[in-house]
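So the structure is just underneath, and the comments pick up after that.
The values are calculated or read from the model by the stated rules, or taken from the named source; none is laboratory data. All of these numbers come straight from a predicted model, not from anything done at the bench. Heads up, the Cβs are rebuilt from the backbone with ideal geometry, glycines too, and the neighbour counts pull from every protein chain shown.
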Amino acid sequence: MSKHVKRLASPTTWKQPRKKFAWSVRSRAGPHPLKASVPLMVVIRDVLKFADTSKEARNIITKGKVEVDGRVVKDYQRPVGFMDVLSVKDSGVAKRVLMDKKGTLILADLNSQEVNWKLVKVTGKTIAKGGKIQIATHDGRVILSSEENVKRGDTLKISIPDQKILEVYPMAKETSVYVTGGAHKGTITTIKEINVSRSYQENTVESNDNFTTTMSNVFVLGKSKGEITIPGGA
């Protein structure tokens, strides 16, 4: 598969000028799907503006100056997606990837404490050998835990990079949530009611802002209030 994609054909989630260059880089297969992520090179060049050209951006990345979720990443095609924590060495820049109401991925500033953890949504749970709980998350992680009460749709607060579970935030009434899909994406709201489907259809969530969306479109941010700082543009 080509390493490049035409600038005009790049997903709308990418915040980049569409006229400056004819071509952009394509995300490599990774923890986030193409349409829900941005290649690391695009973030460094077009969003953070640490470089004027793709060559300069690749140079910064391949020298090991960029960390994603606490680990050095030297692959400029690595996809960066929702809730990832990005930091650039020697610059003091630390960001969390969020989403605005247009579906565009945006970067929120982090302080020195926030850079050490992230939120991940539970997308699956199985019993592993030895009785451990194997938890799959929205960003491609597999976490072994003894947390038996964790269920699909819940959010975990984990330390990075060692992914130790610090808190569990259940998908439940009166919890703060971030809508990540549908007509109300980018909205921060509170769950009023969870409607459990009795058929093959997906469960739905009613919000205190008088709209309903599917559970897959909702990301729990905490218990009574969200754990993350939301920029004014989100």
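Among the residues of the range 45-61, what is the count of those that are outside any loop (DSSP other than H, G, I, E, B) and farther than 30 Å from G182 by Cβ?
Number of matching residues: 9.
If you scan the range 62-99, which residues turn out to be under 12 Å from the mean Cα position of the chain (by Cα) and assigned to a loop (DSSP other than H, G, I, E, B)? Walk me through how you get there before you give the answer.
Applying the first criterion (under 12 Å from the mean Cα position of the chain (by Cα)) to the range 62-99 yields 68-69, 79-86, 95-99.
Answer for the range 62-99, where residues must be under 12 Å from the mean Cα position of the chain (by Cα) and assigned to a loop (DSSP other than H, G, I, E, B): D69, F82, M83, D84.
If we keep just the residues of the range 142-161 that are free of Cβ contacts under 8 Å to residues at least 40 places away in the same chain and of a type in the set (D, E), which is surrounded by the fewest Cβ atoms within 10 Å (Cβ to Cβ)? Lay out the reasoning, then the answer.
From the range 142-161, those free of Cβ contacts under 8 Å to residues at least 40 places away in the same chain are 142-152, 156; that's our starting set.
When the remaining residues are screened for being of a type in the set (D, E), the result is 147-148.
Working: E147: 15, E148: 10.
The qualifying residue surrounded by the fewest Cβ atoms within 10 Å (Cβ to Cβ) is E148.
Can you list residue pairs whose Cβ atoms sit under 9 Å apart, with the first residue in the range 195-213 being among the aromatic types (F, W, Y) and the second being surrounded by 13 or more Cβ atoms within 10 Å (Cβ to Cβ) and part of a strand (DSSP E or B)? Count only pairs 6 or more apart in sequence or on different chains.
Close Cβ pairs (under 9 Å, with a partner that is surrounded by 13 or more Cβ atoms within 10 Å (Cβ to Cβ) and part of a strand (DSSP E or B)) amount to F211/V179; F211/T189.
Tally the residues that are in contact (Cβ under 8 Å) with a residue 12 or more places away in the chain, farther than 19 Å from N116 by Cα and in a strand (DSSP E or B), restricting the search to the range 128-141. Working first, answer last.
Taking the range 128-141 as the starting set, the residues that turn out to be in contact (Cβ under 8 Å) with a residue 12 or more places away in the chain are 128, 132-133, 135-141.
If we keep only those that are farther than 19 Å from N116 by Cα as well, we get 128, 132-133, 135-136.
With the extra rule that they be in a strand (DSSP E or B), the set shrinks to 133, 135-136.
Residues that pass the stated criteria total 3.
Under 8 Å by Cβ, and 6 or more places apart or on different chains, what pairs join a residue from the range 70-92 that is of a type in the set (S, T, Y) with one that is surrounded by fewer than 17 Cβ atoms within 10 Å (Cβ to Cβ) and in a strand (DSSP E or B)?
Hits for this filter: S87/V93.
Quick check on my filter: what residues within the range 188-229 are in contact with a helix residue (DSSP H, G or I) (Cβ under 8 Å, 6 or more places away or on another chain) and acidic (D, E)?
Of all residues in the range 188-229, those in contact with a helix residue (DSSP H, G or I) (Cβ under 8 Å, 6 or more places away or on another chain) come to 194, 202-205, 228-229.
Within the range 188-229, E202 is the sole residue that qualifies.
Only one of V177, V120 is of a type in the set (A, V, I, L, M), touching a residue at least 24 places away in the same chain (Cβ under 8 Å), within 20 Å of D100 (Cα to Cα) and in contact with an Asp or Glu (Cβ under 9 Å, 6 or more places away or on another chain); which? Reasoning before the result, please.
On the way: V177 fails: in contact with an Asp or Glu (Cβ under 9 Å, 6 or more places away or on another chain).
Among V177, V120, only V120 is of a type in the set (A, V, I, L, M), touching a residue at least 24 places away in the same chain (Cβ under 8 Å), within 20 Å of D100 (Cα to Cα) and in contact with an Asp or Glu (Cβ under 9 Å, 6 or more places away or on another chain).
How many residues does the range 180-198 hold that are more than 16 Å from G226 (Cβ to Cβ), of a type in the set (S, T, N, Q), in a loop (DSSP other than H, G, I, E, B) and at pLDDT 90 or above?
So the answer is 0.
Report every pair of residues separated by at least 6 positions or lying on different chains whose Cβ atoms are under 9 Å apart, first residue within the range 32-54 and closer than 23 Å to A136 by Cα and small (G, A, S), second at pLDDT below 90 and crowded, with 24+ Cβ neighbours inside 10 Å.
Taking only residues 6 or more apart or on different chains, the pairs are S37/S27.
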